[in-house]
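Engineer: Okay, here's the structure, questions in a sec.
Read-outs: derived from the displayed coordinates by stated rules, not from any lab. As the structure is a computational prediction, the values presented were derived from the model and not from experiment. With ideal geometry, Cβ positions are generated from the backbone for all residues, glycine too; neighbour counts draw on all protein chains shown.
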Amino acid sequence: MIPSILHYQNREEQALDLSEIVSRELQAALDTNGRATLAVPGGTTPGAFLTALSLARLDWSKVAVMLTDERFVPESSDRSNTRLLRETLLQNDAAAAKLLPFYAEADEPEDVMATLTAGIAEHLPPDVCVLGMGEDMHTASLFPGADRLSEALSPNAPPLLPMRAPGAPEPRLTLSAPVLRASGSLHILITGSGKQEALEKAMQDGPEEEAPIRAILNAPSAVTVHYAD
Ligand SMILES: O=C1O[C@H](COP(=O)(O)O)[C@@H](O)[C@H](O)[C@H]1O
């Protein structure tokens, strides 16, 4: 399926418009199911969007929030995606949302995988999923060259996997491709010309292992790319 691509005048407009779209989709899920699940990315791009979304007038007490992926670091680290969520989305009205943890203290992610997977099981697949993308065409923590990438891209992948990749300084936990692809709606949030070029490359035919974002671009659900310079 070819994604819809929305070009915004600037990053502020991108953050506000995407937050309105996601808010509407969450409300629709609440109307239908009485609850909703939202998956959001970490990293450097989504802060303004997450803060804008925290102001949405929703019954956040019925919304479960999870990350698309996490670095295996405690919240005291400024590399923690959970910390980003607490400082941005889980403020204002959205402070009432239920955060589904993607980190627990342990030596290795494998030690806590069963517990963290059990915590998200009843909330999958997400009703709404917003993903980031790197210039290397990774999304969530599905990195080219990562140790368990083939498994995470396969249709039978478990929902949550540990992942180690050459360019990633710490181990990761990531939602797998089949769970991400099964989301009710999919949004890709990107900024800057480097990511625009990476997206154009990923939209050409080729293996998902080389450009894991292709697993999302080819998803059966509607995919919208939100781009600003
Ligand atoms: O490491 C990560 O990278 C991607 C992209 O991050 P950005 O800093 O380029 O915005 C992000 O989507 C992912 O959630 C994060 O863990």
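Engineer: What does the charge count around GLN9 come to, taking other residues whose C-beta lies under 11 Å from its C-beta (Lys +1, Arg +1, Asp -1, Glu -1)?
Structural biologist: Surrounding charge for GLN9 is -3.
Engineer: Lys and Arg at +1, Asp and Glu at -1: add these up for the other residues within a Cβ distance under 11 Å of LYS195 and post the number.
Structural biologist: In short, -4.
Engineer: Can you give the charge dipole size of the range 21-220 about its Cα centre, rounded to the nearest 20 debye, using +1 on the beta carbon of Lys and Arg and -1 on the beta carbon of Asp and Glu?
Structural biologist: Value, rounded to 20: 580 debye.
Engineer: Here's another thing I want to ask about it. At LYS62 and GLU197, where each label point lies 7 Å from the Cα along Cα→Cβ, what is the point-to-point distance in nanometres?
Structural biologist: 4.7 nm
Engineer: Further question on the same structure: Per DSSP helix of 4 or more residues, -39500 (n - 2.57); summed, then divided by the residues of the chain. What does that give at 222 nm, rounded to the nearest 500?
Structural biologist: Estimated from H runs of four or more residues: -8500 deg cm²/dmol.
Engineer: Give me the percent relative contact order of the range 21-220, please, defined on Cα pairs under 8 angstrom at least 6 residues apart.
Structural biologist: Reported relative contact order: 21 percent.
Engineer: Residue separation times 0.36 nm, minus the C-alpha to C-alpha distance between ALA96 and ASN218: what's the value?
Structural biologist: Computed gain between ALA96 and ASN218 is 40.5 nm.
Engineer: Quick check: net charge around ASN218, other residues with Cβ under 11 Å of its Cβ, Lys/Arg +1 and Asp/Glu -1?
Structural biologist: Spelling it out: positives minus negatives among the neighbours equals 0.
Engineer: Moving on to the next point. What nm distance separates the two modelled labels at GLN27 and GLU13, each placed 7 Å from Cα along Cα→Cβ?
Structural biologist: 2.3 nm
Engineer: What shape does the chain have by the C-alpha gyration tensor, where a ≥ b ≥ c are the square roots of the eigenvalues, rounded means a/c under 1.5, and otherwise prolate means a/b greater than b/c and oblate the rest?
Structural biologist: Rounded, since a/c falls under 1.5.
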